[in-house]
Amino acid sequence: MFTLKKTLVTLVFLLITPLCFAQINDEEFPGILTDNEYVRHILIGAAGAYQSFYDESISPARYEGFGPVFSLGHIKQDNYIYTELILQGSVANHTRKGSDLLDSKVKVYNSGLDYRHLYNFNLFNNLKYYFHAGGIISANFMMKDAPQLENSAKLYEYALSLGICARVSRETFFNKKKGFVMWDISFPLLANFSRPVYNNRVEYLDPENSLIGDIFSNSKIGTFNRYYKISSRVFATYPLDNGNAIRFGYQWNYSRVQTFNRAFFAEHNVVLAFLFNH
Amino acid sequence: MKKIIYIALVAVLLTSCEKLLMPKSQSTGRVEVFEEIWKTIDESYPLFVQTNVNWDSIHAEFRNKVFDTMTERQLYDTCIDMLSLLYDAEVSLDAGFAKYYHIDSGNTPNNFNKSILERNYWQGIERTGPLLHKVFDSVAYVYYENFDETLTDAQLEVVTEKFGLDTTINSIIFDVRNNKSTKVENIFRLCKQMGIDSFFKYNALLYKVAYKNGPKHDDLTKPQATFIEQNDKRKFPRRFILLTNKGTYGTANLFAAGASNYPNIRVWGGKTGGGSGYTIVKELSNGWKLYLPGCYTEGPFGMCINFGAEPDSAIIITPADEANGVDRIIDAALNELRK
């Protein structure tokens, strides 16, 4: 029953985000074409994030926090192919409900590098809509620092995944300017991931032990029953006169990792980015 | 503009839906917290095999004493009564309003009185970094109070050079009594300079560590050995007596156990206090912190040292010695090294 409720909530998340933009007008995406007839943009963005996690290696309680997110990327597209490389990093201070006499703070450093490679499938007869689908290669690294846990304080999480990605976009019209609205979703199918071993131990008593070595020696390969990260994004792109653009949107990430115990992480980002045409 | 505000509102509202996707925080009821403590120890304490404690029967005994209507203080008192049956100084419970430690209530003498040392032994002593050092006639003396205080190679070089340049010095007393510490880096720095000479062809086994790797009581990794390999560092004087007492605890306990494997070193004084310096901390659903040892450790001769390592020569400082301002352990070491 609880699984069904979870599934329904996930579907609601995924469906609501594109509906948010359903009433926006259309037109063609602008930009200066390269010799090969690509439109290319460099993306620099910032976001505010609300995050929450439930990590059995840290606590049987849920932690929540706010923090900034910064992103840097490159987007290249033509009529057939859309590629996007985005590096994103965030830091947030998390707390939980508890006693004032005991520290319950966790600092979460989260970074991700996503490469999306999508093809236009021309599914819609109406030329204002586009459907792209393809793959995503994603690398994520998260470090949770809970100093109150002393020797168990540093908790790493790494995942390199290969998955599928789909994107629906629509030409739009903002203040008589041609713009673009898109919603995409990605889901990993296969991942190489790593979390600390039992009791979240770090072998400090061995002088030759290295944390980096631990991360890779503990890594496992699994499918979505062991690791998944749903990423759902909806963006409106507002074009400027010189081919540059401003992107505004909302991104929801939700991940779950299962090793000897479980870790859940959710993130809501409200994103503002500048796209430099080149 | 209205659309943007609408979107922002939807995004904010969606954040509250997150709670349906993740597991709920565990209940903080008294019984649940008691069970959580018992289970955490049951699945994560690495020394059940050594201590022969019947943890299941302890659960049966204490479960009947816990009720949802009891106060937080009553729950804490019941839990520390249960934890005290492990007789382990590395097990503690921090409830914010109080923190429990196991204290050895036996009659083991402390074998250390700093005020006597300061009054009668440490006149003219010098400090280099964390090391206090002086020379008693031809015997060098070093006191290291806490391995958590960083010792650099340069500081160590100053001390070893001082003793090395004085040709009358051929022996050393190294005092690590009342050294409660958790860091290992300085141990290895010291151990590299504790050999017979700069070219000794000898790898010293210091200790072995086995970590918990599963919830069963005997789920432990294979013991991992830690060695000091031969090196060309300048060495302390060859004749070496290490002083320990029950306050030699944590990584200082590992140091004492490891040093006993050097052929030129004798350990004198009292049994060490135990511990490995590696505790793990578990946060409970009500925010309390439960501390427990993270590993099983054994000395170079295969004995478990989590509960202390015996010296080669046990010496006791009696109340009469203290009344007379005498540190019998240092005196005995000086007499031996002056022979």
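The values are calculated or read from the model by the stated rules, or taken from the named source; none is laboratory data. The model shown is predicted, which means the values in this text are computed figures rather than measured ones. Here the Cβ is made from the backbone with ideal geometry for all residues, glycine too, and neighbour counts use every protein chain on show.
At a glance:
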| quantity | calculated |
| --- | --- |
| Residue among B:280, B:169, B:241 that is assigned to a strand (DSSP E or B) and within 24 Å of residue B:157 (Cα to Cα) | B:241 |
| Residue check, residue B:266 in a strand (DSSP E or B), surrounded by fewer than 20 Cβ atoms within 10 Å (Cβ to Cβ), more than 10 Å from chain A (Cβ to nearest Cβ) and of a type outside the set (Phe, Trp, Tyr) | yes |
| Qualifying residues in segment A:234-274 (those that are farther than 16 Å from residue A:111 by Cα and small (Gly, Ala, Ser)) - the one surrounded by the fewest Cβ atoms within 10 Å (Cβ to Cβ) | A:243 |
| Test result for residue A:144, within 30 Å of residue B:72 (Cα to Cα), more than 14 Å from chain B (Cβ to nearest Cβ) and either assigned to a strand (DSSP E or B) or touching a Leu at 6+ places or on another chain (Cβ under 8 Å) (or both) | no |
| Single match in A:101, A:155, A:123 (criterion: of a type outside the set (Phe, Trp, Tyr) and crowded, with 16+ Cβ neighbours inside 10 Å) | A:155 |
| Residue check, residue B:261 within 14 Å of chain A (Cβ to nearest Cβ) and either of a type in the set (S, T, N, Q) or in contact with a Pro (Cβ under 8 Å, 6 or more places away or on another chain) (or both) | no |
| Helices (runs of 4 or more DSSP H) contained entirely in segment B:38-156, each with at least 2 residues that are of a type in the set (Asp, Glu) and either more than 14 Å from chain A (Cβ to nearest Cβ) or farther than 29 Å from residue B:276 by Cβ (or both) | B:55-63, B:72-83 |
| Residue match in segment B:280-292 (condition: closer than 18 Å to residue B:177 by Cα, surrounded by fewer than 22 Cβ atoms within 10 Å (Cβ to Cβ) and either more than 8 Å from chain A (Cβ to nearest Cβ) or not basic (Lys, Arg) (or both)) | no |
| Residue that is surrounded by the fewest Cβ atoms within 10 Å (Cβ to Cβ), among those in segment B:300-314 that are touching a strand residue (DSSP E or B) at 6+ places or on another chain (Cβ under 6 Å) and not in a strand (DSSP E or B) | B:312 |
| Subset tally (residues that are surrounded by fewer than 16 Cβ atoms within 10 Å (Cβ to Cβ), assigned to a strand (DSSP E or B) and either at pLDDT below 95 or among the basic types (Lys, Arg) (or both)) for segment A:80-89 | 1 |
| Subset of segment A:189-205 that is crowded, with 20+ Cβ neighbours inside 10 Å and part of a strand (DSSP E or B) - its residue that is nearest to the other protein chains (Cβ to nearest Cβ) | A:194 |
| Residue count, segment B:172-192 (criterion: within 21 Å of residue B:230 (Cβ to Cβ), among the aliphatic types (A, V, I, L, M) and either in a loop (DSSP other than H, G, I, E, B) or within 14 Å of chain A (Cβ to nearest Cβ) (or both)) | 3 |
| When residues of segment A:108-122 are limited to those that are assigned to a strand (DSSP E or B) and of a type in the set (Phe, Trp, Tyr), the one farthest from the chain's Cα centre (by Cα) | A:119 |
| Unmet criterion (only one of (1) touching a residue at least 40 places away in the same chain (Cβ under 8 Å); (2) touching a Pro at 6+ places or on another chain (Cβ under 9 Å)) for residue B:226 | (1) |
| Out of A:92, A:133, sole residue that is assigned to a strand (DSSP E or B), more than 14 Å from chain B (Cβ to nearest Cβ) and aliphatic (A, V, I, L, M) | A:133 |
| Which listed residue, of A:269, A:175, A:242, is away from chain B (no Cβ under 11 Å) and over 30 Å from residue B:292 (Cβ atoms) | A:242 |
| Failed criterion for residue B:276 (all others in (1) closer than 23 Å to residue A:207 by Cα; (2) crowded, with 20+ Cβ neighbours inside 10 Å; (3) away from chain A (no Cβ under 14 Å) hold) | (3) |
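Okay, residues lined up against (1) in contact with a helix residue (DSSP H, G or I) (Cβ under 7 Å, 6 or more places away or on another chain); (2) of a type in the set (A, V, I, L, M):
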residue: B:116; (1), (2): yes, yes
residue: B:120; (1), (2): no, no
residue: B:123; (1), (2): no, no
residue: B:133; (1), (2): yes, no
residue: B:139; (1), (2): yes, yes
residue: B:143; (1), (2): no, no
